[in-house]
Amino acid sequence: MRISRKKRPEKALIPLYLKNEKITAPEVRVLDSDNSNIGVMPIAQALALATEREVDLVEINPKGTPPVCKLIGFAQFKYQKEKEARKQKAKMHVSELKGIRLSIRISEGDMAVRQSQAEKFLDRGDKVRIEIILRGREHGKADIAYDTIREFVALLNKTYEVRYEQEIQRQAGKVTAIVVKK
């Protein structure tokens, strides 16, 4: 069986809005295109008003009692909602998990370089995974790796307040911890 590698279309940016005859409520609160309240009226009267003004009747709040509808061109309304959704999506930052790899025998200079890199990640709002890979005889000295990670987190605490999202733990040949900015 062949696996499709094509990109799947993104889900709709805006929710589904009912318009004109698809609105099922017996009476609705009608707003003008400039958001001024026209009043509560039966759906037939609201549809007649919409056709008279040559615009669509769009249900913008179906949960209201009665539901709120707006007299506006549907294409214009949909464009406005998609534009708002794109703005929100652009402002949203998804925090990623960034990795910093240390060693038991790391020098102070290398530690400072890793610290500045971790600070840059934390400044962007990302999480930082600190890991030490144990090699050979280091497996018997895992407590030194724990101390190295604690020392690194103490250095980070001098500039940023960080907290452990995942405490220091040993997983097979690695000692890891995940920290985030408070």
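Would you check if D110 is charged (D, E, K, R), in contact with a Gly (Cβ under 7 Å, 6 or more places away or on another chain) and either surrounded by 12 or more Cβ atoms within 10 Å (Cβ to Cβ) or within 14 Å of K19 (Cα to Cα) (or both)?
no
I'm trying to understand the selection: among the residues of segment 18-58, which are surrounded by fewer than 11 Cβ atoms within 10 Å (Cβ to Cβ) and in a loop (DSSP other than H, G, I, E, B)?
Matches in segment 18-58: T24, P26, D34, N35, S36, E54.
Just checking, which of I149, I130 is β-branched (V, I, T), closer than 28 Å to K182 by Cβ, modelled with pLDDT of 90 or more and in contact with a helix residue (DSSP H, G or I) (Cβ under 7 Å, 6 or more places away or on another chain)?
Numbers: I149 fails: in contact with a helix residue (DSSP H, G or I) (Cβ under 7 Å, 6 or more places away or on another chain).
When all the criteria are applied, what remains is I130.
Looking at segment 59-77, which of its residues are part of a helix (DSSP H, G or I) and either modelled with pLDDT under 85 or under 17 Å from N35 (Cβ atoms) (or both)?
Result: F74, Q76, F77.
Give me the residue from segment 144-179 that is touching a residue at least 12 places away in the same chain (Cβ under 8 Å) and part of a loop (DSSP other than H, G, I, E, B) and, out of that set, farthest from K127 (Cα to Cα).
Across segment 144-179, the extreme among qualifying residues is G173.
Just one of (1) of a type in the set (V, I, T); (2) in a helix (DSSP H, G or I); (3) at pLDDT below 90 trips up V113, so point out which.
With (1) of a type in the set (V, I, T); (2) in a helix (DSSP H, G or I); (3) at pLDDT below 90 applied to V113, the lone miss is (3).
Tally the residues that are loosely packed, with under 12 Cβ neighbours inside 10 Å and assigned to a helix (DSSP H, G or I), restricting the search to segment 125-140. Before you say what the answer is, go through the steps one by one.
Applying the first criterion (loosely packed, with under 12 Cβ neighbours inside 10 Å) to segment 125-140 yields 135-137, 140.
When the remaining residues are screened for being assigned to a helix (DSSP H, G or I), the result is 136-137, 140.
Residues meeting the conditions: 3.
The values are calculated or read from the model by the stated rules, or taken from the named source; none is laboratory data. The model shown is predicted, which means the values in this text are computed figures rather than measured ones. For neighbour counting, all protein chains shown are included, and Cβ atoms are generated from backbone atoms with ideal geometry for every residue, glycine included.
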